[in-house]
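K.L.:
Before I ask anything, let me first share the structure, which is written out below as C-alpha coordinates.
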Amino acid sequence: LAVNVKNSSDVNKKKSDDDEKAIDGDSNDDEVEVSPEDHDRLAHRIQLNQIIAGVAVHSFILGITLGIAREQSTSRVLMLVLMLDCMFDGLAVGNLIMAAEISFLISSIYVLVFALMVPIGIAVGMSIENPDLRAQGVMSAVSAGLLVHMAFELFHQVFEHHHHAHQEDNNDDGKTTE
(Lines give C-alpha, C1' and ligand atoms only; values in the text may rest on other atoms or scores of the structure.)
Protein backbone atom coordinates (compact mmCIF):
# COMPACT_ATOMS: atom_id res chain seq x y z
CA LEU A 1 0.00 0.00 0.00
CA ALA A 2 1.55 3.26 -1.10
CA VAL A 3 0.63 6.34 0.88
CA ASN A 4 0.91 9.79 -0.60
CA VAL A 5 1.56 12.23 2.25
CA LYS A 6 0.48 15.75 1.38
CA ASN A 7 1.25 18.96 3.17
CA SER A 8 -1.82 20.54 4.82
CA SER A 9 -1.30 23.80 2.90
CA ASP A 10 -1.97 21.90 -0.35
CA VAL A 11 -5.13 20.36 1.10
CA ASN A 12 -7.10 23.58 1.40
CA LYS A 13 -6.59 24.40 -2.30
CA LYS A 14 -8.07 21.11 -3.48
CA LYS A 15 -10.71 20.54 -0.83
CA SER A 16 -13.68 21.35 -3.04
CA ASP A 17 -12.36 19.06 -5.80
CA ASP A 18 -11.89 16.23 -3.29
CA ASP A 19 -15.41 16.73 -1.93
CA GLU A 20 -16.83 16.40 -5.45
CA LYS A 21 -14.76 13.25 -6.07
CA ALA A 22 -15.98 11.75 -2.79
CA ILE A 23 -19.58 12.35 -3.84
CA ASP A 24 -18.92 10.77 -7.24
CA GLY A 25 -17.07 7.84 -5.62
CA ASP A 26 -13.76 8.67 -7.29
CA SER A 27 -11.82 9.51 -4.13
CA ASN A 28 -8.27 8.19 -3.71
CA ASP A 29 -8.04 6.25 -0.45
CA ASP A 30 -4.24 6.17 -0.59
CA GLU A 31 -3.81 9.87 0.18
CA VAL A 32 -3.39 10.91 3.80
CA GLU A 33 -3.46 14.54 4.87
CA VAL A 34 -0.94 15.46 7.56
CA SER A 35 0.28 18.65 9.12
CA PRO A 36 3.84 19.85 8.47
CA GLU A 37 4.80 18.89 12.04
CA ASP A 38 3.54 15.34 11.55
CA HIS A 39 5.32 15.18 8.19
CA ASP A 40 8.62 16.20 9.83
CA ARG A 41 8.11 13.68 12.64
CA LEU A 42 7.44 10.92 10.07
CA ALA A 43 10.56 11.92 8.15
CA HIS A 44 12.62 11.75 11.36
CA ARG A 45 11.25 8.28 12.13
CA ILE A 46 12.13 7.03 8.65
CA GLN A 47 15.65 8.46 8.99
CA LEU A 48 15.95 6.88 12.43
CA ASN A 49 14.98 3.43 11.12
CA GLN A 50 17.45 3.72 8.25
CA ILE A 51 20.26 4.87 10.54
CA ILE A 52 19.55 2.18 13.17
CA ALA A 53 19.59 -0.55 10.52
CA GLY A 54 22.79 0.77 8.95
CA VAL A 55 24.57 1.35 12.26
CA ALA A 56 23.53 -2.11 13.50
CA VAL A 57 24.99 -3.84 10.43
CA HIS A 58 28.08 -1.59 10.52
CA SER A 59 28.65 -2.32 14.23
CA PHE A 60 28.12 -6.05 13.72
CA ILE A 61 30.72 -6.16 10.94
CA LEU A 62 33.12 -4.02 12.97
CA GLY A 63 32.65 -6.48 15.86
CA ILE A 64 33.47 -9.40 13.55
CA THR A 65 36.60 -7.54 12.44
CA LEU A 66 37.67 -7.11 16.06
CA GLY A 67 36.80 -10.73 16.85
CA ILE A 68 38.98 -12.15 14.07
CA ALA A 69 41.94 -9.92 14.96
CA ARG A 70 44.42 -12.25 16.66
CA GLU A 71 47.37 -9.90 17.08
CA GLN A 72 47.41 -7.66 20.13
CA SER A 73 48.57 -4.55 18.25
CA THR A 74 45.73 -4.90 15.74
CA SER A 75 43.20 -5.44 18.53
CA ARG A 76 44.34 -2.28 20.34
CA VAL A 77 43.96 -0.13 17.24
CA LEU A 78 40.56 -1.63 16.47
CA MET A 79 39.38 -1.04 20.06
CA LEU A 80 40.33 2.64 19.79
CA VAL A 81 38.54 2.90 16.44
CA LEU A 82 35.54 1.08 17.88
CA MET A 83 35.27 3.40 20.88
CA LEU A 84 35.41 6.55 18.76
CA ASP A 85 33.06 5.11 16.15
CA CYS A 86 30.49 3.98 18.72
CA MET A 87 30.66 7.34 20.48
CA PHE A 88 29.78 9.28 17.33
CA ASP A 89 27.24 6.67 16.18
CA GLY A 90 25.61 6.86 19.62
CA LEU A 91 25.41 10.65 19.42
CA ALA A 92 23.79 10.44 15.99
CA VAL A 93 21.31 7.76 17.07
CA GLY A 94 20.44 9.63 20.26
CA ASN A 95 19.88 12.85 18.34
CA LEU A 96 17.57 11.12 15.87
CA ILE A 97 15.66 9.37 18.70
CA MET A 98 15.01 12.74 20.33
CA ALA A 99 13.96 14.34 17.02
CA ALA A 100 11.60 11.48 16.14
CA GLU A 101 9.66 11.85 19.41
CA ILE A 102 9.06 8.12 19.85
CA SER A 103 7.98 6.24 22.96
CA PHE A 104 10.36 5.17 25.69
CA LEU A 105 9.84 1.49 24.87
CA ILE A 106 10.70 1.88 21.18
CA SER A 107 13.71 4.08 21.93
CA SER A 108 14.91 1.51 24.49
CA ILE A 109 14.69 -1.22 21.83
CA TYR A 110 16.71 0.93 19.42
CA VAL A 111 19.37 1.58 22.06
CA LEU A 112 19.49 -2.13 22.96
CA VAL A 113 19.97 -3.12 19.31
CA PHE A 114 22.70 -0.49 18.96
CA ALA A 115 24.46 -1.66 22.14
CA LEU A 116 24.36 -5.39 21.39
CA MET A 117 25.54 -5.50 17.79
CA VAL A 118 29.27 -5.05 18.51
CA PRO A 119 29.44 -7.77 21.22
CA ILE A 120 27.48 -10.17 19.01
CA GLY A 121 29.84 -9.42 16.13
CA ILE A 122 32.89 -9.99 18.36
CA ALA A 123 31.47 -13.37 19.44
CA VAL A 124 30.91 -14.36 15.81
CA GLY A 125 34.42 -13.19 14.86
CA MET A 126 36.00 -15.12 17.72
CA SER A 127 34.20 -18.27 16.62
CA ILE A 128 35.95 -18.17 13.23
CA GLU A 129 38.79 -20.65 13.61
CA ASN A 130 41.46 -19.62 11.11
CA PRO A 131 40.96 -16.03 10.01
CA ASP A 132 43.54 -14.46 7.76
CA LEU A 133 44.42 -10.88 6.87
CA ARG A 134 42.23 -10.99 3.76
CA ALA A 135 39.13 -11.72 5.83
CA GLN A 136 40.00 -8.89 8.20
CA GLY A 137 40.56 -6.51 5.28
CA VAL A 138 37.27 -7.46 3.63
CA MET A 139 35.37 -6.96 6.89
CA SER A 140 37.00 -3.55 7.43
CA ALA A 141 36.22 -2.49 3.87
CA VAL A 142 32.58 -3.60 4.08
CA SER A 143 32.15 -1.86 7.42
CA ALA A 144 33.66 1.38 6.13
CA GLY A 145 31.62 1.19 2.93
CA LEU A 146 28.38 0.81 4.88
CA LEU A 147 29.25 3.81 7.02
CA VAL A 148 30.06 5.97 4.00
CA HIS A 149 26.84 4.88 2.26
CA MET A 150 24.74 5.73 5.33
CA ALA A 151 26.41 9.13 5.62
CA PHE A 152 25.68 9.99 1.99
CA GLU A 153 22.07 8.83 2.31
CA LEU A 154 21.55 10.93 5.43
CA PHE A 155 23.17 13.99 3.88
CA HIS A 156 21.05 13.55 0.75
CA GLN A 157 17.87 13.46 2.84
CA VAL A 158 18.87 16.50 4.88
CA PHE A 159 19.86 18.56 1.82
CA GLU A 160 16.73 17.51 -0.05
CA HIS A 161 14.58 18.58 2.93
CA HIS A 162 16.32 21.96 3.14
CA HIS A 163 16.03 22.43 -0.63
CA HIS A 164 12.27 21.83 -0.52
CA ALA A 165 11.91 24.15 2.48
CA HIS A 166 13.82 26.84 0.58
CA GLN A 167 11.55 26.40 -2.45
CA GLU A 168 8.45 26.76 -0.24
CA ASP A 169 9.88 29.95 1.28
CA ASN A 170 10.45 31.37 -2.20
CA ASN A 171 6.92 30.43 -3.26
CA ASP A 172 5.50 32.14 -0.18
CA ASP A 173 7.31 35.36 -1.14
CA GLY A 174 5.66 35.36 -4.55
CA LYS A 175 8.80 34.26 -6.38
CA THR A 176 8.84 31.37 -8.75
CA THR A 177 11.44 28.63 -8.59
CA GLU A 178 12.59 26.40 -11.35
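The values are calculated or read from the model by the stated rules, or taken from the named source; none is laboratory data. Just so we're clear, the structure is a prediction, and the values are computed from it rather than from any experiment. When we count neighbours, we look across all protein chains shown, and the Cβ atoms used for this are built from the backbone with ideal geometry, even at glycine. Accessible surface areas use protein heavy atoms only, side chains included; no ligands, DNA or RNA. Shrake-Rupley method; radii C 1.70, N 1.55, O 1.52, S 1.80 Å.
K.L.:
Between PHE88 and VAL148, how many nm apart are label points set 7 Å from Cα along the C-beta direction?
P.N.:
Spacing of the two 7 Å Cα→Cβ label points: 1.4 nm.
K.L.:
Just the number, please: carbon plus sulfur as a percent of the accessible area of segment 71-127, 1.4 Å probe, no ligands or DNA/RNA counted. Walk me through the numbers on the way to the answer.
P.N.:
Working: 2900 of 3710 Å².
That fraction is 78 percent.
K.L.:
According to a simple spin-label model (label point 7 Å from Cα along Cα-to-Cβ), what is the distance in nm between HIS156 and VAL81?
P.N.:
Modelled inter-label distance: 2.5 nm.
K.L.:
Let me ask something else. On average, how much accessible surface per residue is there in segment 33-113, in Å², for a 1.4 Å probe, leaving out ligands, DNA and RNA? Display every interim value, and only then the final one.
P.N.:
Values: 4640 Å² over 81 residues.
Accessible area per residue: 57 Å².
K.L.:
Starting from 0.36 nm per residue, how many nanometres of slack lie between THR74 and LEU105 once their C-alpha separation is accounted for? Show your work: numbers first, answer last.
P.N.:
Numbers: separation 31, 0.36 × 31 = 11.16 nm, distance 3.76 nm.
Stretched fully, the THR74-LEU105 segment lengthens by 7.4 nm.
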